[in-house]
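Asks: The structure under discussion is supplied below as structure tokens; questions concerning it will follow.
The values are calculated or read from the model by the stated rules, or taken from the named source; none is laboratory data. Values in this document were obtained by computation on a predicted structure and should not be read as measured data. Neighbour counts run over all protein chains shown; Cβ positions are idealised from the backbone, glycine included. Ligands, DNA and RNA are stripped out before the accessible areas are found, and what is left, the full protein with its side chains, is counted by its heavy atoms. Shrake-Rupley method; radii C 1.70, N 1.55, O 1.52, S 1.80 Å.
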Amino acid sequence: MFHYHYRQLLVVATCVLAVALSTDPSQAGQKEYLTARASDFVAHVQQGAGEPAMVGSYAVRIYRETVDNFVAGAVGSRDGALAGLWLVDLDRDGELEVLVWHSSGGSGSYGRLDRYRFTESALIRDDPPLPSTAQLSQYMGHDVFAVVDGVLQRSFPLYVDGDSNAEPTGGFRILAYRPQNRAWILVGETGTGG
């Protein structure tokens with residue numbers, strides 16, 4: 001079962017990378033610009049103009065069908081580069097959520113995910129909690145967030161004593177977020193766990 005989830009994660013991570021590296025040609029001279037779509041809505045996120053790549057702010061905007069029909073927006077703080085954007089109904093309540101992933105600079109590449117509930121007229125910040133201390137054991141960053149079959153997943157390599165940040169040897173862990181319980185659950189792990 002883990003190999004199936006790992007394969008899904010690799011496919012999604014590849015797609016996320018392709019989206020994260022794309023830019024909107026109409027935004028010449030602007031920083032990174034990500035786009036996501038769901039039903040008849042489009043989400044755009046862009047880091048603040050003139051800000052350093054690794055720290056600052058971002059603006060997220062929701063449009064109905066085209067950028068000529070603005071619906072809602074928000075500004076958030078950013079500790080790292082924008083890495084991913086999703087517009088998805090995680091809790092299956094009929095309302096979309098906007099997920100903004102940013103990854104810190106430096107050797108750790110610590111991931112952070114900001115979640116906004118979209119009420120079709122406003123974006124309301126509602127971040128998921130951090131995973132438990134036990135779920136973060138052996139954690140030293142290098143997060144990858146993905147949405148697989150409508151489920152938010154967070155994966156990261158595991159480190160054992162003596163590992164350098166660049167060479168983890170403890171395996172790999174995948175967590176899934178359950179918005180109804182506001183909790184992360186373990187869905188896969190490889191390695192001995194040190």
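Asks: Gly94 fails exactly one of the following numbered conditions: (1) more than 22 Å from Arg182 (Cα to Cα); (2) exposed (fewer than 13 other Cβ atoms within 10 Å of the Cβ). What is the number of that condition?
Replies: Condition (1) is where Gly94 drops out.
Asks: Answer with yes or no whether Trp184 is under 18 Å from the mean Cα position of the chain (by Cα), open to solvent by less than 40 Å² (accessible area, probe 1.4 Å) and free of Cβ contacts under 8 Å to residues at least 60 places away in the same chain. Show your work before the answer.
Replies: Details: under 18 Å from the mean Cα position of the chain (by Cα): yes; open to solvent by less than 40 Å² (accessible area, probe 1.4 Å): yes; free of Cβ contacts under 8 Å to residues at least 60 places away in the same chain: yes.
Judged against the criteria, Trp184 is a match.
Asks: Any residue that is closer than 23 Å to Gly150 by Cα, buried (at least 16 other Cβ atoms within 10 Å of the Cβ) and modelled with pLDDT under 85 - is there at least one of those in region 15-24? Give the steps one after another, and end with the answer.
Replies: First pass over region 15-24, keeping only residues closer than 23 Å to Gly150 by Cα: 15-22.
Next, from what is left, pick out any that are buried (at least 16 other Cβ atoms within 10 Å of the Cβ): 16, 20.
Applying the additional criterion that residues be modelled with pLDDT under 85 yields 16, 20.
Yes, some residue in region 15-24 is closer than 23 Å to Gly150 by Cα, buried (at least 16 other Cβ atoms within 10 Å of the Cβ) and modelled with pLDDT under 85.
Asks: Are any residues in region 141-181 under 17 Å from the mean Cα position of the chain (by Cα), open to solvent by 60 Å² or more (accessible area, probe 1.4 Å) and more than 15 Å from Pro128 (Cβ to Cβ), and if so, which ones?
Replies: At the first step, the residues of region 141-181 found to be under 17 Å from the mean Cα position of the chain (by Cα) are 141-157, 173-179.
When the remaining residues are screened for being open to solvent by 60 Å² or more (accessible area, probe 1.4 Å), the result is 149, 178.
Across region 141-181, the qualifying residue is only Asp149.
Quick grid of which residues meet (1) on the phi > 0 side of the Ramachandran plot; (2) touching a strand residue (DSSP E or B) at 6+ places or on another chain (Cβ under 9 Å):
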position: Asp91; (1), (2): no, yes
position: Gly108; (1), (2): no, no
position: Arg117; (1), (2): no, yes
position: Glu120; (1), (2): yes, yes
position: Val147; (1), (2): no, yes
position: Leu152; (1), (2): no, yes
position: Tyr159; (1), (2): no, no
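Asks: Could you please find all residues in region 74-106 being within 11 Å of Ala43 (Cβ to Cβ), assigned to a strand (DSSP E or B) and not charged (D, E, K, R)?
Replies: Taking region 74-106 and keeping what is within 11 Å of Ala43 (Cβ to Cβ), we get 74, 85-88, 96-100.
Filter again for assigned to a strand (DSSP E or B), leaving 74, 85-88, 97-100.
Residues satisfying the conditions are Ala74, Leu85, Trp86, Leu87, Val88, Val98, Leu99, Val100.
Asks: From the residues in region 116-136 that are small (Gly, Ala, Ser) and in contact (Cβ under 8 Å) with a residue 12 or more places away in the chain, which one is least open to solvent (accessible area, probe 1.4 Å)? Don't jump to the end; show me each part of the working.
Replies: Going through region 116-136, the residues small (Gly, Ala, Ser) turn out to be 121-122, 132, 134.
Within this subset, residues satisfying the condition of being in contact (Cβ under 8 Å) with a residue 12 or more places away in the chain are 121-122, 132.
Details: Ser121: 85, Ala122: 35, Ser132: 55 Å².
Checking each candidate, the answer is Ala122.
Asks: Look at Gly80 and say whether it is in contact with a Lys or Arg (Cβ under 9 Å, 6 or more places away or on another chain) and either under 23 Å from Gly141 (Cα atoms) or touching a residue at least 60 places away in the same chain (Cβ under 8 Å) (or both). Break it down into steps so the answer makes sense when it comes.
Replies: On the way: in contact with a Lys or Arg (Cβ under 9 Å, 6 or more places away or on another chain): yes; either under 23 Å from Gly141 (Cα atoms) or touching a residue at least 60 places away in the same chain (Cβ under 8 Å) (or both): yes.
Judged against the criteria, Gly80 is a match.
Asks: Out of Ala59, Ala53, Ala74, which single residue is closer than 17 Å to Arg112 by Cβ, at pLDDT below 90 and touching a strand residue (DSSP E or B) at 6+ places or on another chain (Cβ under 6 Å)? Break it down stepwise before answering.
Replies: Working: Ala59 fails: at pLDDT below 90; Ala74 fails: at pLDDT below 90.
Answer to the selection: Ala53.
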